[in-house]
Amino acid sequence: MASDVVNNLEAFRKCLNNDKYTQHYSGGNLNETKSAFNSPASLSDIQNLCQKKGWTLPDQYVEFLLYCNGCYLFRDQFGTGFDLLSHKQMDEYHLNYMPKNWIPICYYVGDYLFIDSDRADTGNGYLMWHNHEQYFEDPPTIRFEIDFNTWLERLLIAQGSLFWKWKN
């Protein structure tokens with residue numbers, strides 16, 4: 001039986017037409033975007049990275065990497081979109097000035113979605129959004145109280161909109 005992460009990604013892929021997706025914005029505006037998926041990672045590659053870095057990944061993110069080892073979602077004509085990082089990119093994007101336990105998993109216009117490795121096995125509270133205008137010594141802009149699958153599902157339903165910024 002496929003996991004919720006895989007089910008959400010499979011459902012989204014059915015909405016694509018030659019990797020293209022038309023987003024609907026307020027005011028009746030439409031925007032054509034592209035999405036693409038990498039080949040799966042191997043479990044040994046993921047385990048080796050975690051051992052090398054001293055990281056713990058939540059099971060849902062491991063499932064994501066085993067399904068597609070990174071992807072980009074909703075990339076527009078200007079190159080803006082969500083880059084969900086491969087296991088190699090997670091290592092490359094983790095810069096010396098970042099906290100050791102903050103694992104970059106998504107890049108968006110200078111901002112990052114991180115997994116807090118110290119909380120990865122708690123179920124919730126391990127995802128953090130960090131605005132690029134903040135210092136890493138500051139607390140994250142947002143600490144989500146949802147798991148990776150819920151974050152991904154909401155991103156897909158919201159068609160790439162920053163759902164966490166929505167107000168009433």
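The values are calculated or read from the model by the stated rules, or taken from the named source; none is laboratory data. The shown structure was predicted, so the numbers you read here are calculated from the model rather than taken from an experiment. Neighbour counts are summed over all protein chains in view; Cβ atoms, including those assigned to glycine, are modelled from backbone coordinates with ideal geometry. The accessibility values were calculated without ligands, DNA or RNA, using every heavy atom of the protein model including side chains. Shrake-Rupley method; radii C 1.70, N 1.55, O 1.52, S 1.80 Å.
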* With the checklist (1) out of contact with any Cys (no Cβ under 7 Å at 6 or more places or on another chain); (2) under 20 Å from Leu156 (Cα atoms) in hand, flag the one item Leu85 doesn't pass. => (1)
* Is segment 27-41 home to any residue that is in contact (Cβ under 8 Å) with a residue 60 or more places away in the chain and outside any helix (DSSP H, G or I)? -> yes
* Asked: Do we find that Leu73 is touching a residue at least 60 places away in the same chain (Cβ under 8 Å), in a loop (DSSP other than H, G, I, E, B) and either within 17 Å of Trp102 (Cα to Cα) or open to solvent by less than 70 Å² (accessible area, probe 1.4 Å) (or both) in this structure?
  -> no
* Asked: Quick one: would you say Ile103 is open to solvent by less than 30 Å² (accessible area, probe 1.4 Å), under 13 Å from the mean Cα position of the chain (by Cα), at pLDDT 95 or above and within 16 Å of Ser117 (Cα to Cα)?
  -> yes
* Hey, does segment 6-19 have a residue that's open to solvent by 80 Å² or more (accessible area, probe 1.4 Å) and either under 19 Å from Asp91 (Cβ atoms) or not in a helix (DSSP H, G or I) (or both)? -> yes
* In segment 118-168, how many are part of a strand (DSSP E or B), more than 15 Å from Leu84 (Cα to Cα) and open to solvent by less than 30 Å² (accessible area, probe 1.4 Å)? -> 1
* Quick check: anything in segment 49-59 exposed (fewer than 15 other Cβ atoms within 10 Å of the Cβ), charged (D, E, K, R) and not in a helix (DSSP H, G or I)? -> no
* Determine whether segment 22-35 contains at least one residue that is touching a Leu at 6+ places or on another chain (Cβ under 7 Å), open to solvent by 30 Å² or more (accessible area, probe 1.4 Å) and either modelled with pLDDT of 95 or more or among the polar types (S, T, N, Q) (or both). => yes
* Taking segment 106-117 as the region of interest, how many residues are out of contact with any Phe, Trp or Tyr (no Cβ under 7 Å at 6 or more places or on another chain) and open to solvent by 40 Å² or more (accessible area, probe 1.4 Å)? -> 1
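Here's the yes/no breakdown for (1) of a type outside the set (Ser, Thr, Tyr); (2) touching a Leu at 6+ places or on another chain (Cβ under 7 Å):
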{"residue": "Phe82", "(1), (2)": "yes, yes"}
{"residue": "His94", "(1), (2)": "yes, no"}
{"residue": "Lys100", "(1), (2)": "yes, no"}
{"residue": "Ser117", "(1), (2)": "no, no"}
{"residue": "Thr122", "(1), (2)": "no, no"}
{"residue": "Leu127", "(1), (2)": "yes, yes"}
{"residue": "Ser161", "(1), (2)": "no, no"}
* Within segment 81-91, is there a residue that is touching a Gly at 6+ places or on another chain (Cβ under 7 Å) and aromatic (Phe, Trp, Tyr)? -> yes
